[in-house]
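Undergrad: If you scroll down you'll find the structure; I have some questions about it.
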Amino acid sequence: MLRYFLKRLAGAIPTLFIIVTLTFFLIRAAPGGPFDQEQTLPPEIMANLQSAYGLDRPMWVQYSRYLWALVHGDFGPSFRYKDFTVTELIGQGFPVTLELGTIALSLALVLGILIGSFAALRSNSAADHAAMALAVAGIAIPSFVVLPMLALLFGIHFRWLPVAGWEAGSIRHLVLPVVALALPPLAYIARLTRGGMLEVLRSHFIRTAIAKGLPLHTVILRHALRPALMPVAGYLAPAVASIMTGSLVVESIAGLPGVGRYLVQGALNRDYTLVLGMVILYSTVLIGMGLLVDLLYAWLDPRIRFER
């Protein structure tokens, strides 16, 4: 297991290198630049700005300098957020995004597993059909549609929750964004849990456990749940990706000070270093989540071995 973990960890470095390289050249290939404004700057000022940030150098020089700084943990200065480095912006916004995403993923896992298990135990009943119909609706409706609908209903009509804004430690400001982010992965997890549980419940070892007279809750919790969650474990990395990409829009709509808005604004403003920093952050989280899923497989199913 340790050898497999180290091999995957070493394999993440070339992956990140490829992502950084592609992002570096793609963002510069887009029309416009970080200092383009509605009012054209004088040529002297533009030349000074280009020289100050090294944008007047050849592309390969800029690329090699960025990689050298990145090796030393320096993401560089932001081109549009004056007096801020990309590291400082990430430090300000990432705790908010992490809190939002962790709560949304936890909510999706708990409710998705409960709803999927409930539907599997009552297969082909009215409750099963209702739960799966709601799951299909959760998959079909994206977060950027769910959040305005929830804000309109609970924020404007009933006035129970704030529509937008952020206060540290305030649960009320988290409810609507968390629910909007959690609904799509919750729906997928519910369907995957139902399918996995139905397959496991038809297995011979489950029938043997029931024939021995074990209570149903014991059979479910001790024997059926872990193998039934194998499809859910495989979906964890896409679930994290769904929540992270959803947070880009949700944070902008709800006015949350997370890193998602920095990526959106950085792409619009052609803030090269900010976009690269956000892409590296998101890529690192997703690669780490993929590694965690592989290790989780071994815990859910001891028959899985990663090495001889």
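The values are calculated or read from the model by the stated rules, or taken from the named source; none is laboratory data. In this text, all values refer to a predicted model and were calculated from it rather than measured experimentally. Note that we place each Cβ from the backbone using ideal geometry, even for glycine, and neighbour counts take in every protein chain shown. We work out accessible area using only protein heavy atoms, side chains counted, and drop any ligands, DNA or RNA first. Shrake-Rupley method; radii C 1.70, N 1.55, O 1.52, S 1.80 Å.
Undergrad: Tell me which residues, restricted to region 51-91, are of a type in the set (A, V, I, L, M) and open to solvent by less than 70 Å² (accessible area, probe 1.4 Å).
TA: Across region 51-91, the qualifying residues are L55, V61, L67, A69, L70, V86, L89, I90.
Undergrad: Please find, among I210, I206, the residue that is without any contact (Cβ under 8 Å) to a residue 12 or more places away in the chain, more than 23 Å from A108 (Cβ to Cβ) and touching a helix residue (DSSP H, G or I) at 6+ places or on another chain (Cβ under 8 Å).
TA: I210
Undergrad: Next question, about the same structure. A47: among the aliphatic types (A, V, I, L, M) and more than 27 Å from L236 (Cβ to Cβ), yes or no?
TA: Taking the combined requirement at face value, the residue satisfies it.
Undergrad: Another question about this same structure. Enumerate the pairs (first residue in region 232-258 and more than 13 Å from P185 (Cβ to Cβ) and surrounded by fewer than 21 Cβ atoms within 10 Å (Cβ to Cβ); second residue anywhere and modelled with pLDDT of 85 or more and aliphatic (A, V, I, L, M)) with beta-carbon separation below 7 Å, excluding pairs fewer than 6 apart on the same chain, so at least 6 apart or on different chains.
TA: That search, which allows pairs on different chains as well, returns I253/L147; P257/V96.
Undergrad: Scan region 182-209 for residues that are at pLDDT 85 or above, open to solvent by less than 20 Å² (accessible area, probe 1.4 Å) and either farther than 30 Å from G246 by Cα or in contact with a His (Cβ under 7 Å, 6 or more places away or on another chain) (or both) and jot them down.
TA: Hit for region 182-209 is V200, nothing else.
Undergrad: Can you name the residue in region 101-156 that is of a type in the set (G, A, S) and outside any helix (DSSP H, G or I) and is also surrounded by the most Cβ atoms within 10 Å (Cβ to Cβ) among such residues?
TA: S123
Undergrad: Kindly provide the set of residues from region 266-280 that are open to solvent by 30 Å² or more (accessible area, probe 1.4 Å) and either touching a residue at least 24 places away in the same chain (Cβ under 8 Å) or at positive phi (or both), ordered by number.
TA: A267, N269, R270, V279
Undergrad: Looking at (1) loosely packed, with under 15 Cβ neighbours inside 10 Å; (2) basic (K, R); (3) under 24 Å from L114 (Cβ atoms), can you tell me which one K212 breaks?
TA: Of the numbered conditions (1) loosely packed, with under 15 Cβ neighbours inside 10 Å; (2) basic (K, R); (3) under 24 Å from L114 (Cβ atoms), the odd one out for K212 is (3).
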